[in-house]
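Asks: Dropping a structure here in structure tokens format, bear with me for questions.
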Amino acid sequence: MSFIIGLDVGGTSVKGIIFKDGKAVCKDSLPTVSGEGLADCLFALSERLAAAAGTQISRISGVGVGCPGVIDAFNGTVVRADNLGLFDYPLKSLLKERIAEVRVCNDGNAAALGEAYYGAGRGFKNSVLITLGTGVGGGIIIDGKLFSGNRSAGAEIGHMVIKEGGKLCSCGRRGCFEAYCSARALAGLTRSRMRRDPLSPMWREYNLRTADGETAFKYAGTDPSAAKVVETYIGHLVCGIANLANIFRPEAVILGGGVSAQGERLERLVRERIKKEIFAFGYAPVEIKCASLKNDAGAYGAAALFTIPSAGGKL
Ligand SMILES: [Zn+2]
């Protein structure tokens, strides 16, 4: 019997799934402990998962961790994760004192692996996951393996510029994909449209504080202002997707994060416009799919660092 645990560190909670002989058997979560206490939090969740699966932590063959920020996957160090208050944090060494084998990767990369092997990307050798959440992240799978670049600092999809000299991004550069396509950017676009259209039906339910990434989609069928927001947003999204598709030519681009809750509607809007933007689309089409594992993708992918031997790339 072999047990593997996959953990996904989020801003508010750490989610975990335990696998018995390659099959997910239990999941659980704990509130995220920021700063130095993170390793203890991950260990506590691992112990709970082991107990829930009827075993002990000493019988766990490996724990995979997906963590936000810049991760040195070779050494298992969190180089920097501003939101967690971590700098040069030796996560793997701290856990290795108590757990047989530990592997750490970036959370977006973990989610890309999860979707590729257990979710919407199953059956595709090449896929790109784009997470449209508070920021824009994701990961790139090439020939079934995670591509993470030099010292695993690559695949920062959100910081590809789609508009030179454009909006200021959280990274300090201008015009990044993230500055236009995060759920936060979509909410900002919605608010600025609402300001210009005091008669928009969006005002009936929302104000400038409560308008979010769903508002425009909700009213797009009845309100021309909301429809314009969606059209503009999809235009930015299609630009970024086409850039990634032209470089990597995956069989599928998978959309995750909060905005992907729009499901088939989002898929359809992107599909309608993407064909004209992708080079030689007819020769090698690119499928557009929404992620299927939702909040579990990161934990599945972190476990895949062990359960799928060929998936870990250079790890
Ligand atoms: Zn940026």
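The values are calculated or read from the model by the stated rules, or taken from the named source; none is laboratory data. In this text, all values refer to a predicted model and were calculated from it rather than measured experimentally. Cβ placement follows ideal geometry from the backbone for every residue including glycine, while neighbour counts extend to all protein chains displayed.
Asks: Pairs, please: C-beta under 8 Å, at least 6 apart or cross-chain, first residue outside the structural domain of residue 78 (by TED's automatic domain parsing) and hydroxyl-bearing (Ser, Thr, Tyr) and in the range 132-160, second within 15 Å of the ligand (Cβ to nearest atom) and not in a loop (DSSP other than H, G, I, E, B)?
Replies: Every condition considered, the pairs that remain are 134/184.
Asks: Continuing with the same structure: Please list, ordered by first then second residue, the pairs with beta carbon atoms under 7 Å, 6 or more apart or interchain, first in the range 172-183 and closer than 17 Å to residue 212 by Cβ and touching a residue at least 40 places away in the same chain (Cβ under 8 Å), second within 10 Å of the ligand (Cβ to nearest atom) and among the charged types (D, E, K, R).
Replies: 180/167
Asks: With respect to residue 220, is the statement that it is free of Cβ contacts under 8 Å to residues at least 60 places away in the same chain, within 14 Å of the ligand (Cβ to nearest atom) and not charged (D, E, K, R) true?
Replies: Considered against the rule, which asks whether it is free of Cβ contacts under 8 Å to residues at least 60 places away in the same chain, within 14 Å of the ligand (Cβ to nearest atom) and not charged (D, E, K, R), residue 220 comes out as no.
Asks: Still on this model: Hey, could you check the range 262-315 for residues that are β-branched (Val, Ile, Thr) and part of a helix (DSSP H, G or I) and say which is farthest from residue 64 (Cα to Cα)? So that I can check it myself, show each step before the final result.
Replies: Narrowing the range 262-315 to residues β-branched (Val, Ile, Thr): 270, 274, 278, 286, 288, 307-308.
Adding the requirement that they be part of a helix (DSSP H, G or I) leaves 270, 274, 307.
Details: 270: 33, 274: 35, 307: 10 Å.
Ranking the candidates gives 274 first.
Asks: Residue 46 - would you say it is within 24 Å of residue 31 (Cβ to Cβ), among the polar types (S, T, N, Q) and either in contact (Cβ under 8 Å) with a residue 12 or more places away in the chain or in a strand (DSSP E or B) (or both)? So that I can check it myself, show each step before the final result.
Replies: Numbers: within 24 Å of residue 31 (Cβ to Cβ): yes; among the polar types (S, T, N, Q): yes; either in contact (Cβ under 8 Å) with a residue 12 or more places away in the chain or in a strand (DSSP E or B) (or both): yes.
Here the answer is yes, as residue 46 does meet what is asked.
Asks: Turning to a different aspect of this structure: Any residue that is of a type in the set (A, V, I, L, M, F, W, C), in a loop (DSSP other than H, G, I, E, B) and more than 16 Å from the ligand (Cβ to nearest atom) - is there at least one of those in the range 120-139?
Replies: yes
Asks: State which residue is nearest to the ligand (Cβ to nearest atom) when the search covers only the range 156-183 and only residues that are within 24 Å of residue 113 (Cβ to Cβ) and crowded, with 21+ Cβ neighbours inside 10 Å. Don't jump to the end; show me each part of the working.
Replies: Restricting attention to the range 156-183, the residues satisfying the condition of being within 24 Å of residue 113 (Cβ to Cβ) are 156-160, 171, 176-178, 181-183.
Right, trim to crowded, with 21+ Cβ neighbours inside 10 Å and you get 157-158, 176-178, 181-183.
Details: 157: 10, 158: 6, 176: 3, 177: 8, 178: 5, 181: 11, 182: 10, 183: 16 Å.
Per the stated criteria, the residue is 176.
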